[in-house]
Amino acid sequence: MSTTDTTTEGIRYTGSKREIIPKILALIQEHCPDVKTILDGCAGTTRVSQALRKNGFAVTANDLAEYTQTFGRCYLQNTKPATHYQPWIDQLNNLDGESGWFTKHYGGVITTPDKENAVQSDGKKRPWQVHNTQKLDAILTKIPQFTSDPIEKSVLLTSAILAMDKVDNTMGHQVAYLKKWPKRSYDPIHLVVPSLIPTGKPCQISQRSIFDIPEYYDLIYLDPPYGTNNQKTKTTRVRYRSYYHLWTTVCRNDQPTLHGAALRRQDASSDGLPGAISVFENTNHQIVFEATKKLIAQLNCKYVLFSYGNKSKLSEADLREIFNEYKVLAFSIFDHKENAMKSATTNAEWLGDQTKYQEFLILVEKDVSTSKA
Ligand SMILES: C[S@@+](CC[C@H](N)C(=O)[O-])C[C@H]1O[C@@H](n2cnc3c(N)ncnc32)[C@H](O)[C@@H]1O
């Protein structure tokens, strides 16, 4: 591979791998020259999948989340140029707002002389100001009038989601909204054509649990939820289904029953509901450990590349125990903020830096004689 293009696009997302994409590509290029097909098993924003597609791989982006399917169709499966979409995007930008379902439930107004106060007359806060939910309502009505093609619809929806993400009233997740409208929430949304990748190897999308994927890939990249190792606040782990429920609802436009202060979808409102919590988000260390160990063993691939954070459920010792069963090609730790890579080869070296937020990147080769399709 001559040049490496690592630019990607996506929503703000906890655990996004935007910053370490160059390291991911470098590891694959250095250690796995025979790789052609890659499964991005917990693809989230699809940023890693986008970079892999740009660099010549046939990618399958998989995630439980609905929005990953939308982003995947937009960035991985679209073959039309930006000019095909520009006239539609222009029309969406010129629409008059209309008060529909999103406005009724998620549009906040200025209710008091204090123009920054986002608390509404019912005591709840809202994720957007009403002028933007009105635009969103109009856009969601209009898109199906333009096209019924799932890929074209996904490109337009992605554009709308990226625009709404820029004007929200959140700290980056959707389980609580801010008391004071931030500056950005006053801005009107402006849609642009997403940064499409219209050429490359054919790519796929899939919406299954990573535990249910039997197909063979040369390499499987796994970036699961990290849970938390904080003993005092065990429940502060990121629960993706609940953290990004608004994007699920925008993609489905299914007007779900809402629940609680953040007006979450009923199906994302409680940890007790079936499928609401991924096994990686479980608070029980042993459950996460056993599930991860079993998963790596059952993955049908030659190489596994695994991302994980240091302030997470599984410790470095756990990860070494799981991955030492295979041929370890790289066991790296990145300083995530400074994005500087260094290798931690001993526990002592690693423990010395424990206050920093760091990220593991582990590459192993499996015994292909037992896994090839
Ligand atoms: C750390 S994030 C991935 C971020 C992604 N690499 C990016 O750069 O945007 C973890 C993802 O795992 C997904 N997930 C959780 N449990 C899963 C499962 N059992 N199968 C597939 N995906 C799962 C979540 O929906 C979430 O998008």
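The values are calculated or read from the model by the stated rules, or taken from the named source; none is laboratory data. Here the structure is a predicted model, which is why all the values come from computation and not from measurement. All Cβ positions, glycine included, derive from the backbone under ideal geometry; neighbour counts span all protein chains shown. These accessible areas exclude ligands, DNA and RNA; they are computed on the full protein's heavy atoms, side chains included. Shrake-Rupley method; radii C 1.70, N 1.55, O 1.52, S 1.80 Å.
How many of the residues making up segment 148-188 are assigned to a loop (DSSP other than H, G, I, E, B) and either in contact (Cβ under 8 Å) with a residue 60 or more places away in the chain or at positive phi (or both)?
The initial filter retains those residues of segment 148-188 that are assigned to a loop (DSSP other than H, G, I, E, B), namely 148-149, 166-179, 181-182, 187-188.
Cutting the leftovers down to either in contact (Cβ under 8 Å) with a residue 60 or more places away in the chain or at positive phi (or both) gives us 169, 172-179, 181.
Within segment 148-188, residues that are assigned to a loop (DSSP other than H, G, I, E, B) and either in contact (Cβ under 8 Å) with a residue 60 or more places away in the chain or at positive phi (or both) number 10.
Only one residue in Thr8, Thr46 is outside the structural domain of Lys327 (by TED's automatic domain parsing), within 20 Å of Ser159 (Cα to Cα) and within 14 Å of the ligand (Cβ to nearest atom), so which one is that? Before you say what the answer is, go through the steps one by one.
On the way: Thr46 fails: outside the structural domain of Lys327 (by TED's automatic domain parsing).
Answer to the selection: Thr8.
Give me the pairs: first residue in segment 277-306 and without any contact (Cβ under 8 Å) to a residue 40 or more places away in the chain and open to solvent by 10 Å² or more (accessible area, probe 1.4 Å), second residue of a type in the set (Lys, Arg) and away from the ligand (no atom under 15 Å from the Cβ), beta-carbon distance under 9 Å, and six or more apart or on different chains, which are they?
Close Cβ pairs (under 9 Å, with a partner that is of a type in the set (Lys, Arg) and away from the ligand (no atom under 15 Å from the Cβ)) amount to Ala297/Lys366.
Please specify each residue of segment 199-212 satisfying the condition of being surrounded by fewer than 20 Cβ atoms within 10 Å (Cβ to Cβ) and not in a strand (DSSP E or B). Give the steps one after another, and end with the answer.
In the first step, residues of segment 199-212 are kept if they are surrounded by fewer than 20 Cβ atoms within 10 Å (Cβ to Cβ); the result is 199-202, 204, 206-209, 211-212.
Within segment 199-212, Thr199, Gly200, Lys201, Pro202, Gln207, Arg208, Ser209, Phe211, Asp212 meet the criteria.
Of all residues in segment 58-70, how many are among the hydrophobic types (A, V, I, L, M, F, W, C) and open to solvent by 10 Å² or more (accessible area, probe 1.4 Å)?
Pass one, segment 58-70, residues among the hydrophobic types (A, V, I, L, M, F, W, C): 58-59, 61, 64-65.
If we keep only those that are open to solvent by 10 Å² or more (accessible area, probe 1.4 Å) too, we end up with 58, 64-65.
Qualifying residue count for the region: 3.
In segment 11-24, what residues are closer than 19 Å to Ile220 by Cβ, more than 7 Å from the ligand (Cβ to nearest atom) and either of a type in the set (S, T, N, Q) or within 15 Å of the chain's Cα centre (by Cα) (or both)?
Ile20, Ile21 - these are the residues of segment 11-24 that are closer than 19 Å to Ile220 by Cβ, more than 7 Å from the ligand (Cβ to nearest atom) and either of a type in the set (S, T, N, Q) or within 15 Å of the chain's Cα centre (by Cα) (or both).
Give Leu39, Leu27 a once-over and let me know the one that is within 16 Å of the ligand (Cβ to nearest atom), assigned to a helix (DSSP H, G or I) and open to solvent by less than 30 Å² (accessible area, probe 1.4 Å).
Working: Leu39 fails: assigned to a helix (DSSP H, G or I).
The match here is Leu27.
Could you please tell me which pairs satisfy a Cβ distance under 6 Å, a separation of 6+ or placement on different chains, a first residue in segment 134-146 that is farther than 9 Å from Glu98 by Cβ, and a second residue that is open to solvent by 20 Å² or more (accessible area, probe 1.4 Å) and part of a helix (DSSP H, G or I)?
Final answer for the pair search is Ile143/Lys153; Phe146/Trp88.
Can you run down the residue pairs with Cβ atoms below 7 Å, 6 or more apart or on separate chains, where the first is in segment 239-257 and within 18 Å of Thr45 (Cβ to Cβ) and the partner is basic (Lys, Arg) and open to solvent by less than 60 Å² (accessible area, probe 1.4 Å)?
Going by the 7 Å Cβ cut-off, the qualifying pairs are Ser242/Arg264; His245/Arg264; His245/Arg265; Thr248/Arg265; Thr249/Arg265.
Quick one: in segment 264-273, which of the residues that are farther than 16 Å from Tyr67 by Cα and in contact with a His (Cβ under 6 Å, 6 or more places away or on another chain) is most open to solvent (accessible area, probe 1.4 Å)? Before the answer, list the steps.
Kept after step one, since they are farther than 16 Å from Tyr67 by Cα, are these residues of segment 264-273: 266, 269-273.
Then keep just the ones that are in contact with a His (Cβ under 6 Å, 6 or more places away or on another chain); that gives 266, 269.
Numbers: Gln266: 81, Ser269: 17 Å².
Here the residue is Gln266.
Could we say that Gly227 is open to solvent by less than 40 Å² (accessible area, probe 1.4 Å), in contact with a His (Cβ under 9 Å, 6 or more places away or on another chain) and part of a loop (DSSP other than H, G, I, E, B) here?
Working: open to solvent by less than 40 Å² (accessible area, probe 1.4 Å): yes; in contact with a His (Cβ under 9 Å, 6 or more places away or on another chain): yes; part of a loop (DSSP other than H, G, I, E, B): yes.
Yes: the conditions hold for Gly227.
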